[in-house]
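The structure under discussion appears below in the form of structure tokens.
Readers should treat all values here as calculations from the given coordinates under stated rules, not as data from a laboratory. In this text, all values refer to a predicted model and were calculated from it rather than measured experimentally. So basically every Cβ, Gly included, is an ideal-geometry build from the backbone, and we count neighbours across all protein chains shown.
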Amino acid sequence: MGTGASDFERAVAAVIDATGPGEVVTFGEVATEAGYPGRARAVGAFLAHHGDGHPWWRVVTASGRLVPGGEDEHGRRLRDEGVEVRDGHVRRPRR
DNA sequence: TATCTGACGATAG
DNA sequence: CCTATCGCCAGAT
């Protein structure tokens, strides 16, 4: 076994799992931090299918936009950690 | 193998 | 703030 998850998924999961409460990161940031710059979409795909078990709610788009279709739950989770959420979007983590 | 889709990113209008 | 377009990659069909 060793072939289950790819290095990409493993690295991405590690970065997301390394985030702390109240901390917000973007998909592109996670990809870059994981060592795979430009794979922001792959990060989203990973969370969409394997996000369970990881603090996926701490990951938002580069514009601070929350998960489309799950803004209510996403925003609720972030607010629960002390993150300022405004109308389905969080204060831009990147300026 | 080709094509489509999508929890992305950036730029342009 | 919005849509449109292009570039990017992984998984599904």
Those residues of the stretch A:16-55 which are under 14 Å from A:Val83 (Cβ atoms) and within 8 Å of the chain's Cα centre (by Cα), in sequence order: A:Val24, A:Val25, A:Thr26, A:Pro55
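Of everything in the stretch A:59-78 that's among the acidic types (Asp, Glu) and loosely packed, with under 13 Cβ neighbours inside 10 Å, which residue is farthest from A:Glu33 (Cα to Cα)? Break it down stepwise before answering.
Of the stretch A:59-78, the ones among the acidic types (Asp, Glu) are A:71-73.
Those still in the list that are loosely packed, with under 13 Cβ neighbours inside 10 Å too: A:72-73.
Details: A:Asp72: 27, A:Glu73: 26 Å.
Out of the qualifying residues, it is A:Asp72.
For the stretch A:19-95, please list each of the helices (runs of 4 or more DSSP H) lying entirely inside it that holds at least 3 residues being within 11 Å of DNA strand C (Cβ to nearest atom). Explain how you work it out, then say what you get.
Values: elements: A:27-34, A:40-50, A:71-80.
Where helices (runs of 4 or more DSSP H) fall fully within the stretch A:19-95 and carry at least 3 residues being within 11 Å of DNA strand C (Cβ to nearest atom), they are A:27-34, A:40-50.
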A:Glu71 of a type in the set (D, E, K, R) and touching a residue at least 12 places away in the same chain (Cβ under 8 Å): yes
Within the stretch A:1-54, considering residues that are surrounded by fewer than 12 Cβ atoms within 10 Å (Cβ to Cβ) and among the acidic types (Asp, Glu), the one nearest to A:Val90 (Cα to Cα): A:Asp17
